[in-house]
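Take a look at the structure below.
Here, each number is a calculation from the coordinates, and none is a lab measurement. None of the values given here were measured: they were computed from a predicted structure. When we count neighbours, we look across all protein chains shown, and the Cβ atoms used for this are built from the backbone with ideal geometry, even at glycine.
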Amino acid sequence: MGQSSLNRMKIQIPNKVLTFVAGIIIWESAAGVVNSRSFPHIGGVLFDLVELLKTFEFWKSLVVTFNLTLIGFAIGAGFAFALGLATALNKKLDLLFSSSITFLRSVPSVVFLPLLIASIGASSRTAIILTALVVSLKLVIFVSRGVLETEKEHIEFAKLYHLSFFATICNIYIPSLFSVVSTGFRLSASRAFGTVIASGIIIGTPGLGRDLLFAESNAEYERVFSYVIVLGIVGTSIYSTFNIIESKFIHWRVNV
């Protein structure tokens, strides 16, 4: 590890400690000002958080949430790759779908929930479909941009060696676009997790979102804050994991 990396770590660690201390001070100050059971002190929340982590139901809900997130992310990524490649390589398809994609990207994802509930009801499948839709709309732009940014020399190489269309996609376009799509993966993974949680809170699909909804309905305010802390840690961990992978394998790109 270089000297510059060590210096950055020395700067980051105190900053994180200061941020953590400042957060505790602000939290306790707010709890003291509000002086209400609905805004508990951090000591009570941390005690409840420890109790929550001891329960089997919490870990079961966490696994369910991860499963729904992974399935929705995989389906959305697959659809985004197919649509992104098709529209980037075919101008007619691009003209046909570009305006629709732009419109759907501007619509908040929660708006699609009533339509899904009316069509298939409120279930795990609803959360998966909504997550896949959110991921595909987020990722398709990165796929299209990655295809369009493919080096012209590589495309000419494929033509020179008479590679088939499928071979050109697998050997030229897909390896080239991953440097761009990696950023899309990082952003879409966080959105996928958040969408599953939102589905649980709004319509009661299984997972941590539904547990948070039940805690709020039962006025278990310490438990509500405990779930918020867990969701924040998990969401940040997902984002950081993709960020580390991107930095390690595609280190020449500047993260955004």
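What to note about this one:
- When each full DSSP H helix of the chain is screened for a Cα extent of at least 18 Å along its own axis and an average Kyte-Doolittle hydropathy of at least 0.0, the helices passing are 3-34, 56-89, 91-106, 124-148, 174-203, 221-249.
- Positive-end extreme of charge dipole, the chain - chosen from Val143, Val45, Ile128 (charges on Cβ): Val143
- Note on Glu220 and Lys248: with the Förster distance fixed at 45 Å, the Cβ-Cβ geometry gives a FRET efficiency of about 0.65.
- Links that overshoot a 28 Å alpha carbon limit, given the list Lys16/Lys248; Lys16/Lys138; Lys60/Lys248; Lys91/Lys138: Lys16/Lys138; Lys60/Lys248
- Restricting region 160-256 to trypsin sites (Lys or Arg not before Pro) in coil, as DSSP defines it, with at most 13 other Cβ within 10 Å: Arg253
- Dimensionless Rg/Rh of region 1-147 - Kirkwood Rh, Rg from C-alpha atoms: 1.14
- The chain: mean projected area of Cα convex hull, nm²: 18.3
- Ignoring aspartates and glutamates fewer than eight residues from Lys159 along the same chain, the ones with Cα atoms less than 18 angstrom from its Cα are Glu149, Glu151.
- Within a Gaussian network of the chain (alpha carbon springs, distance under 10 Å), most fluctuating of Ala198, Ala219, Ala122: Ala219
- Computed [θ] at 222 nm, helices only, for the chain once each DSSP H run of length n ≥ 4 contributes -39500 (n - 2.57): -28000 deg cm²/dmol
- The modelled label-to-label distance between Ser240 and Leu46, using points 7 Å beyond Cα along the C-beta direction, is 1.8 nm.
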